[in-house]
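Every number in this text was worked out from the coordinates using simple rules, so none of it is lab data. Owing to the predicted nature of the structure, the values given are computational and were not obtained by experimental measurement. When we count neighbours, we look across all protein chains shown, and the Cβ atoms used for this are built from the backbone with ideal geometry, even at glycine.
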Amino acid sequence: MPPTPSRVNNPTTHTRRRRRPEEAQAEILDATRDLLTRLPGEQVTVSAVMASTTLSRKSFYVYFADRNELLRRLLDPLAAQRDSIIEPVYTADSLMLAGQEALHGLARFYLEHGRLLRALAHAAAHDDDTRRAWRGFMEPVVDAHVRLVELEIAAGRISGIDPEPTVRALLAMNLQYFFDELVDNPAPDVDAVASTLTTVWGRVLYGTAR
């Protein structure tokens, strides 16, 4: 009787399904997203992420240069979605009217993605990689709103404020209010949240509710 082939020599024993790069990247991103909503950001390391996937740790570097790139890639589609909501504000004739519509869109956006964004915002205070990724997510919004306020000042519709610190304070308020009122709220009121923020922006920028 011929010898039985050993498991080592059996080509089907150790063959793993070849994974397409986009599938592997999606699995890593999904694992990162899940861990960020359950663990402090500094604990979401490359090792922790890869231990939550079916991939080897070393394969991480086939798809991502480092942890910072991983976090940026996690935020990229959210940044694109957010920008599509606020883009009309940048070309609007009425900043406050367009801003009111944008705040309603952003409230729905944070209702959908707020848990992940809250986790990243909080982790940014303690973790350098997350801080860089979060700054890259937020700074374009700050810059765009500063330019808008400067245009309103030049047109004589706003006066008596310093644009950049005012915008930073208002955007920080937006974030915290979205997190407080929409994330894990069993009965979130998107319209009420957007209306309250619109009133605050109007009073701060123009001295009256718009």
Between Leu39, Ser159, Leu117, whose Cα lies farthest towards the positive end of the dipole of the chain when Lys and Arg beta carbons carry +1 and Asp and Glu beta carbons carry -1, centred on the Cα centre?
Leu39
With the dipole of the chain defined by +1 on each Lys or Arg Cβ and -1 on each Asp or Glu Cβ, the option from Ala194, Ile86, Ser59 whose Cα lies farthest towards the positive pole is Ser59
Just add up the charged neighbours of Gln81: K/R +1, D/E -1, any other residue whose Cβ is under 14 Å from the Cβ of Gln81.
-2
Averaging over all projection directions, find the projected area of the Cα convex hull of the range 153-209 and quote it in nm² with one decimal place.
4.2
In units of 2.2 N^0.38 Å, the Cα radius of gyration of the chain is 1.37
Over the range 32-76, one equal point on each Cα, no solvent: what is log10 I(q)/I(0) by the Debye formula at q = 0.22, 0.23 Å⁻¹?
-0.74, -0.81
Okay, helix-only estimate at 222 nm for the chain: each DSSP H run of n ≥ 4 adds -39500 (n - 2.57), divide by all residues, round to 500 deg cm²/dmol; what do you get?
-23000 deg cm²/dmol
Alpha carbon centroid spacing (whole Å) that separates the range 172-210 from the range 70-144:
15
Dipole of the chain, Cα-centred, from +1 at each Lys and Arg C-beta and -1 at each Asp and Glu C-beta, to the nearest 20 debye?
1120
